[in-house]
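**Student:** Following this message is one structure expressed as structure tokens.
Bear in mind that the values in this text are calculations on the coordinates, not laboratory data. Since this is a predicted model, take the numbers as computed values, not measurements. Here the Cβ positions follow ideal geometry from the backbone for every residue, glycine too, while neighbour counts run over all protein chains shown.
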Amino acid sequence: EPATRVWYRPGRDPDFPVDAPGPEDMRMPVSVFYALKPYAEAWTRNADTTTDQLRALQARLVARHAYSLDNDVPFGVDPVVSFIRQKRAGHCEHFASSFALLARTLGIPARVVGGYRVVEYSPVGGYALVRERDAHAWVEAWNGERWVTYDPTPSAPALADRGRTPLLS
């Protein structure tokens, strides 16, 4: 089946009401809570505000963990706990899930968002190209007033040489 073309014009979206956090934005298995809580507390020890805590979590994940497409997690082990405790390498879903669950252990509502990271533009027509390989996950966390976007995934090496599509490609 041929690929589907979807056209999107970037710009300011109309103001849509957005729900405040609900119980689903704090849910996690008890075992994961207790496994991650010491990390979240240690990594945010000097953070005074919710925003400072979230920035500290993001900075620590970016500095301490590496981007990798390797998904090996032993059977029966929670992938987020493995990512934080042992593996310390993973793809955007590992980073986003870890960030969201670490935030939740601190009492901060958070949710994982999936979409596409636009990194490629056509010099002819000036439009963005979005491909399957651009799929990405990030986090929205509640700062007490509104949802704020955080992307705890360090830039993948594969993104470094992308940005413009050659003229005749």
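**Student:** Per residue and in Å³, how big is the convex hull formed by the alpha-carbon atoms of the stretch 109-157?
**Tutor:** 94
**Student:** Which of the peptides 100-108, 129-137 is most tightly packed, and how do the rest follow, judged by the mean count of other Cβ atoms within 10 Å per residue?
**Tutor:** Averaged packing, sorted descending, gives the order 100-108, 129-137.
**Student:** While we're on this one: Could you sort the peptides 115-128, 44-57 by per-residue average Cβ neighbour count (10 Å cutoff), highest mean leading?
**Tutor:** Values: 115-128: 13.2, 44-57: 16.2.
Highest to lowest by the protection proxy: 44-57, 115-128.
**Student:** Here's another thing I want to ask about it. Quick one: check the C-alpha center-to-center distance for the stretch 119-146 versus the stretch 61-90, whole angstrom.
**Tutor:** So the separation of the two Cα centres works out to 24 Å.
**Student:** Can you compute the FRET efficiency between residue 133 and residue 42 using 1/(1 + (r/R0)^6), with r the Cβ-Cβ distance and R0 = 30 Å? Round to the nearest 0.05. Can you show the working numbers first?
**Tutor:** Numbers: r = 35 Å, r/R0 = 1.17.
Calculated value: 0.30.
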